[in-house]
Amino acid sequence: FVIYFLMASILVDIIQLIIKTATKNKPTINKPLKIWSFIHTCFIIPIIFSTGMMIYGHLNIMNVQPTYYNVSTDKNIRSEGYRIGLLADLHFGSSIDLEELSRICDEISSKRPDIMILCGDIVDESTSYNDMTEVFDILGDIETEFGIYFVYGNHDCQTYVPEPAFTKEQLSSTILANNITILEDEHKNINDEFVIVGRTDASFSTNSNRESIEDLLSVVDKDDFILVLDHQPTEYNKNAIAGTDLLLSGHTHAGQFWPLNWVLEIIPFNDGVYGLEKIKDTTTIITSGMSGWAFPYKTSSPAEYVIIDVKP
């Protein structure tokens, strides 16, 4: 709210400066200028703008929508291709409740995904143990042909609080109990033509236990379609060189607040911010996430889950 208030105030002050300069040598001030002077003095425009943006941001984050992408490949996969569901950055507790999550998961099931991807930060430091168990119970009910796959994000294990509500062991056992496959620098082959590679989270590039993408793909048949899951959108060029066909990520929230998404494009903390990009023969997709971190507001992008159709 304060950032939007300041942005609008600066714009209004620029307009005020222009008006004062243009009317400097004019002895009389007409009625419209008096009205403008009142508006400027009472901060009416900044208040309306910042309040309006926060109302929009809250309504936007509560209205989760599907986003669709089509990806084509020269690889020899089945004629009907594969439909992939992608969900990331739920940060359960920020906005969506269990009832709404259940409704969204039923909606995803109705899209008939062949594969469902949970790409990290499904829960975070604000999620209780009971909520964590219920969240994955709901997510585990999404109907797929080839299963649900999960990679850890930097918040899932409640890394940033001194006393987590649950341990990583409790989290992983809950996930596995709901028939969700966890991939930590591991791969899963489907139909001998489609490989899912899940990466250990980069944790801001300080994770010494993270294997290289080159090593992970060295044991994979390069004739198969290679799907890589990496919570943080990093190592785009390395993935392209190693032979990744499709790289899915979350983490950025597409900035969450406009114009932070523009700032992140200029100052690249990650290799991308939002959407689809081609790096050589590799397609990368970053989802803005189903929710946001800490605050139930999102003004930079839609709150979404993603449906990707991979076709030969």
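When each of Glu125, Glu80, Glu100 is tested for being of a type in the set (D, E, K, R), under 23 Å from His253 (Cα atoms) and loosely packed, with under 14 Cβ neighbours inside 10 Å, the lone residue that passes is Glu100. The selection criterion, being open to solvent by less than 40 Å² (accessible area, probe 1.4 Å), closer than 23 Å to Lys298 by Cβ and under 25 Å from the mean Cα position of the chain (by Cα), holds for Met54.
Quick check on Phe225: is it open to solvent by less than 40 Å² (accessible area, probe 1.4 Å), aromatic (Phe, Trp, Tyr) and closer than 27 Å to Ile138 by Cα? Taking the combined requirement at face value, the residue does not satisfy it. Residues that are in contact (Cβ under 8 Å) with a residue 24 or more places away in the chain and outside any helix (DSSP H, G or I) were ranked within the stretch 257-272; the one that is least open to solvent (accessible area, probe 1.4 Å) is Gly272.
Candidates Thr144, Thr51: the one that is in contact with a Pro (Cβ under 6 Å, 6 or more places away or on another chain) and farther than 22 Å from Ser288 by Cα is Thr144. The sole residue among Ala254, Ala294 that is on the phi > 0 side of the Ramachandran plot and not in a loop (DSSP other than H, G, I, E, B) is Ala254. State yes or no: is Leu276 among the aliphatic types (A, V, I, L, M), buried (at least 24 other Cβ atoms within 10 Å of the Cβ), touching a residue at least 24 places away in the same chain (Cβ under 8 Å) and assigned to a strand (DSSP E or B)? No: the conditions fail for Leu276.
Of all residues in the stretch 11-51, those that are part of a helix (DSSP H, G or I), of a type in the set (S, T, N, Q) and more than 30 Å from Ser301 (Cα to Cα) total 4. Note on the stretch 279-301: among residues that are in contact with a helix residue (DSSP H, G or I) (Cβ under 7 Å, 6 or more places away or on another chain) and within 27 Å of Ser110 (Cα to Cα), the one that is surrounded by the fewest Cβ atoms within 10 Å (Cβ to Cβ) is Pro296. With respect to (1) out of contact with any helix residue (DSSP H, G or I) (no Cβ under 7 Å at 6 or more places or on another chain); (2) part of a strand (DSSP E or B), the lone exception for Asp124 is condition (2).
Entry remark, the stretch 71-102: residues being in contact with an Asp or Glu (Cβ under 6 Å, 6 or more places away or on another chain) and in a helix (DSSP H, G or I) number 1 in total.
The values are calculated or read from the model by the stated rules, or taken from the named source; none is laboratory data. Just so it is clear, the model here is predicted, and its values are computed rather than measured. Note that each Cβ is placed from the backbone with ideal geometry, even for glycine, and that neighbours are counted across all protein chains shown. What goes into the accessible areas is simple: the full protein's heavy atoms, side chains included, and nothing from ligands, DNA or RNA. Shrake-Rupley method; radii C 1.70, N 1.55, O 1.52, S 1.80 Å.
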